Amino acid sequence: MVTTWPPNFPVLGEGCKLFSDWVFAMSGGEMAIKIYGSGELIPALECFDAVSSGAAEMASGAAYYWAGKNEAFPFFTSIPFGMNAQQMNAWLYSGGGHTLWKELYANYNIIPFPAGNTGMQMAGWFNKEINSIDDFKGLKMRIPGLGGKVLDKAGGTPVLSGGSEIYTNLERGVIDATEWIGPYHDYVMGFHKIAKYYYAPGWHETGSTLELLVNKREMDNLPEHLKVIIETAAARFNVWCLSEFESKNNTYLKKIIEEEKVEIRTFSKETLSALQKISSEVMEELGNKNEVNKKIYTSYMDFMKGVRNWSKYSEKLYYNDISL
Ligand code: CA
């Protein structure tokens, strides 16, 4: 298994190791998976091609990393103002999303499985205050993918940089802001030492699903029980990963606030609704580009509409009306 995560990367790299242990134990030692961190065998961004060609049997990554191959891929990770982790799982496992994902990846000789979720992310670290949508004008921010497209439309400049360069770029003022993941991983990166404000919510990644990629030919040739073991271990990875994020994020948010004295800011309702409007335009344009995009976009949006209507009377109502 090649991975897009640096060796022993917190939660995501650890999860791959656990996945391998679970598969080994469940198969009674019949299947042993060796894990390679990014750069150990191949660079992170070559994982998809490696599984597609059969050079590697498996990979751990995120569908939106490969958006350059197919613009519909991000629907299977996260889209701006999209569904949360619970809703993504519902769409993928019970709402037809996984079937669409498998259909799409079959063109690349890959079978995907949901395997991990970051939960809601943070909007990021800023050295400029954001009091209205106009404050995004001229803002240089490290924010990849569709979130970057939204920033661009809002008048900002999305900057792409790999994980290892973000800290220095923010420190030197090459960028004014950066998003990363959430309190735990952000704390490990040390952004609290060089940024003034930590903004919420992470509108651009509301519950990013991570993926296990398996070479389709290799998987098809496995005996039935090993196929089920892989799928079952991926599902456990999915639950374990989200649980780790939820648990660690709340511990580290407390550290960031109480020990590091960081000021947590939230975007105003008007700012968020302006970003949401731009996002809807970006997503509509993407969803109508071709038949494949349209099929996935329609499924995602229909599911989200339904599940949000339910949420009005379940989670949203509950959280609105109790003291937190
Ligand atoms: Ca992120």
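The values are calculated or read from the model by the stated rules, or taken from the named source; none is laboratory data. Here the structure is a predicted model, which means the values were calculated and not measured. Using ideal geometry, Cβ is built from the backbone for each residue, glycine included, and neighbour counts are taken over all protein chains shown. Please note that ligands, DNA and RNA were not included when accessible areas were found on the heavy atoms of the full protein model with its side chains. Shrake-Rupley method; radii C 1.70, N 1.55, O 1.52, S 1.80 Å.
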*Would you check if there is a residue in region 217-240 being among the β-branched types (Val, Ile, Thr), out of contact with any helix residue (DSSP H, G or I) (no Cβ under 8 Å at 6 or more places or on another chain), open to solvent by 70 Å² or more (accessible area, probe 1.4 Å) and under 28 Å from residue 3 (Cβ atoms)?*
yes
*within 14 Å of the ligand (Cβ to nearest atom) and in contact with a Ser or Thr (Cβ under 7 Å, 6 or more places away or on another chain): does that describe residue 96?*
no
*Is there a residue in region 88-110 that is under 29 Å from residue 189 (Cα atoms) and either among the acidic types (Asp, Glu) or open to solvent by 10 Å² or more (accessible area, probe 1.4 Å) (or both)?*
yes
*Any residue in region 189-202 that is in contact with a strand residue (DSSP E or B) (Cβ under 9 Å, 6 or more places away or on another chain) and closer than 14 Å to residue 78 by Cα?*
yes
*Answer yes if at least one residue in region 243-251 is touching a residue at least 60 places away in the same chain (Cβ under 8 Å), under 18 Å from residue 124 (Cβ atoms) and either touching a Cys at 6+ places or on another chain (Cβ under 9 Å) or buried (at least 19 other Cβ atoms within 10 Å of the Cβ) (or both), and no otherwise.*
yes
*In region 30-148, which strands (runs of 3 or more DSSP E) lie fully inside it and hold 1 or more residues that are hydroxyl-bearing (Ser, Thr, Tyr) and under 19 Å from the mean Cα position of the chain (by Cα)?*
58-61
*Within region 23-37, count every residue that is touching a residue at least 24 places away in the same chain (Cβ under 8 Å) and either of a type in the set (A, V, I, L, M) or open to solvent by less than 30 Å² (accessible area, probe 1.4 Å) (or both).*
7
_Being at pLDDT 95 or above, closer than 30 Å to residue 217 by Cβ and open to solvent by 20 Å² or more (accessible area, probe 1.4 Å) is the requirement here; does residue 132 meet it?_
no
_All but one of (1) open to solvent by 10 Å² or more (accessible area, probe 1.4 Å); (2) away from the ligand (no atom under 16 Å from the Cβ); (3) touching a residue at least 24 places away in the same chain (Cβ under 8 Å); (4) over 24 Å from residue 52 (Cβ atoms) hold for residue 137; state the number of the condition that does not hold._
(3)
